[in-house]
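Report on the structure given below.
The values are calculated or read from the model by the stated rules, or taken from the named source; none is laboratory data. Everything numeric in this text was worked out from a predicted model, so none of it was measured. A quick note on method: Cβ atoms are made from the backbone with ideal geometry, for glycine too, and the neighbour counts reach across all protein chains shown. We work out accessible area using only protein heavy atoms, side chains counted, and drop any ligands, DNA or RNA first. Shrake-Rupley method; radii C 1.70, N 1.55, O 1.52, S 1.80 Å.
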Amino acid sequence: MGKTTGFLEYPRLQETMQPATKRIRHWKEFVLFLNEEQSRQQAARCMDCGVPFCNNGCPVNNIIPDWNDLVYNGKWRQALSVLHSTNNFPEVTGRICPAPCEAACTLNINNDAVGIKSIEHAIIDRGWEEGWIAPQTPQRRTGKHIAVVGSGPAGLACAQQLARAGHAVTVFEKSDRIGGLMRYGIPDFKLEKHLIDRRIAQMEAEGVSFRPSTYVGSPDAPAAQGLTVRTPASLREEYDAVIMAGGSETPRDLPIPGRELDGVMFAMDFLRQQNKAVAGDRQLDQVLASNKHVIVIGGGDTGSDCVGTSIRQGAASVTQIELLPQPPEHENKALTWPYWPAKLRTSTSHQEGCERDWAILSQSFEGDENGHVRKLIAVRTEWTPDPITGQQRMREIPDSRMELPADLVLLAMGFVAPVASVLDAFGVDSDNRGNARANTEDYHTNVEGVFAAGDIRRGQSLIVWAIREGRQCARSVDAWLMGSSQLPR
């Protein structure tokens, strides 16, 4: 490494961000990337550890020590090349990835981990500013045509890799804009959408065609209403290979009394409406949190996004509750490192003004005479290990009933499976969780020429895992079509 004693000399430096009182007044990003001197110092903290666990902690196996060394030595363009060698969209992961690489950092054993995510953020943003990022058009065309169904991170990564291998790639997306979860699932204050638009422009220059507002599946499916419809049979006839790269879109529901009341809705519907409003679309029936008592059920990233969105809409109060007990503030690193630890995580949205509570079991919703939700009835729970299996068991705490004011309830409890009708339309087998059945060796489903990658195969996961699967699937498809592949795995 460029400075082997850097981790002893420089403390970890967090990226600068706007104060909460200012950032809640707008929908733009509020985190600034490090300047050149700050980036070099943070890269100098990479400690030449010999076995860089960060590489394996990162699902796309980013070559992190190499780019740290290049940044420290001022070789930014080379650092960008190394970054792009494993990751198609570092401007996305540099903003919203939870950074499992940092949890796996050797320095994290007894110190603050290297700020890998902030360095990645600085590299890619500088690359765009300097004009170093340009389309990579193939030297030859193969004559093969490939359809990618779904334009989330898995579909886009797969499409870009295949286009660079010389194939003609068409991406089909049922939404009116390209980007999948990145477009409509992540608020603009975490990921501004012009970042997606410029990647799409790059991909179009590389030969990728996009077909938004196009539903792939049965014409009779409710989701197909008002959209251009392509049947799986027509895609298989027209294209040499088809990649299913849709998401895990079936949200986990909460079937308790009062679920049918107005004001109880899935988190993704709420977030989608706001993202479309920020994009300039008229939302005549948009559900707003303004002046309402908001309850967010679910303690993950989607729940956090609902918190930040509700606060920006002017909610009277925001409370986020979780069924599981509160995790510890600090993990036992001797037991968890280099793996992703279960510990209390406080997001920037939580810092903006939110009450959080754990070990809460929702029992029912109560509404007013107009059928609108007004209360959440819940009880506290206690979790104890089973004396035989050691598995955690939940029990209600007696006399712990509570009533929480609730004018808007957002269900953010995760997703359980892809839309079953899409798998059925393709004739693709599903596993015991309802996901498309395909392994990680070739991503081939039981249907000849049909592949599956991303959340539709893996289940709900991180964007960085979707990028990994999209890239690996691209190599498998390329090899299946051409007999071998030069694409990286």
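Give, as residue ranges, the helices (runs of 4 or more DSSP H) completely inside the stretch 265-344 that count at least 3 residues that are hydrophobic (A, V, I, L, M, F, W, C) and open to solvent by 30 Å² or more (accessible area, probe 1.4 Å).
By residue number, 267-278.
Kindly indicate which of Asp429, Asp386, Asp424 is touching a Lys or Arg at 6+ places or on another chain (Cβ under 9 Å) and closer than 28 Å to Ala147 by Cβ.
Testing whether each residue is touching a Lys or Arg at 6+ places or on another chain (Cβ under 9 Å) and closer than 28 Å to Ala147 by Cβ leaves just Asp429.
Which residues, taken from the stretch 384-412, are surrounded by 13 or more Cβ atoms within 10 Å (Cβ to Cβ) and polar (S, T, N, Q)?
Answer for the stretch 384-412, where residues must be surrounded by 13 or more Cβ atoms within 10 Å (Cβ to Cβ) and polar (S, T, N, Q): just Ser400.
Which ones in the stretch 45-60 are more than 29 Å from the chain's Cα centre (by Cα) and either among the hydrophobic types (A, V, I, L, M, F, W, C) or not in a loop (DSSP other than H, G, I, E, B) (or both)?
Met47, Cys49
Kindly list, by first and then second residue, each pair from a residue in the stretch 446-457 that is assigned by the TED database to the domain that holds Ala241 and on the phi > 0 side of the Ramachandran plot to a residue that is among the β-branched types (Val, Ile, Thr) and open to solvent by less than 10 Å² (accessible area, probe 1.4 Å), limited to pairs with Cβ atoms under 7 Å and residues at least 6 apart or on different chains.
Partner pairs satisfying both residue conditions: Gly449/Val242.
Check every one of the helices (runs of 4 or more DSSP H) wholly within the stretch 84-186 and list those with 3 or more residues that are surrounded by fewer than 20 Cβ atoms within 10 Å (Cβ to Cβ).
Output list reads 116-130.
What's the total number of residues in the stretch 18-44 that are of a type outside the set (D, E, K, R) and either more than 29 Å from Ser349 (Cα to Cα) or part of a loop (DSSP other than H, G, I, E, B) (or both)?
Counting residues in the stretch 18-44 that are of a type outside the set (D, E, K, R) and either more than 29 Å from Ser349 (Cα to Cα) or part of a loop (DSSP other than H, G, I, E, B) (or both) gives 11.
Give me the residue from the stretch 34-58 that is open to solvent by 70 Å² or more (accessible area, probe 1.4 Å) and under 18 Å from Cys101 (Cβ atoms) and, out of that set, modelled with the lowest pLDDT.
Only one residue fits best here, namely Asp48.
Tell me, which residue of the stretch 215-245 that is out of contact with any helix residue (DSSP H, G or I) (no Cβ under 8 Å at 6 or more places or on another chain) and open to solvent by less than 10 Å² (accessible area, probe 1.4 Å) is nearest to Gly143 (Cα to Cα)?
It comes out as Leu235.
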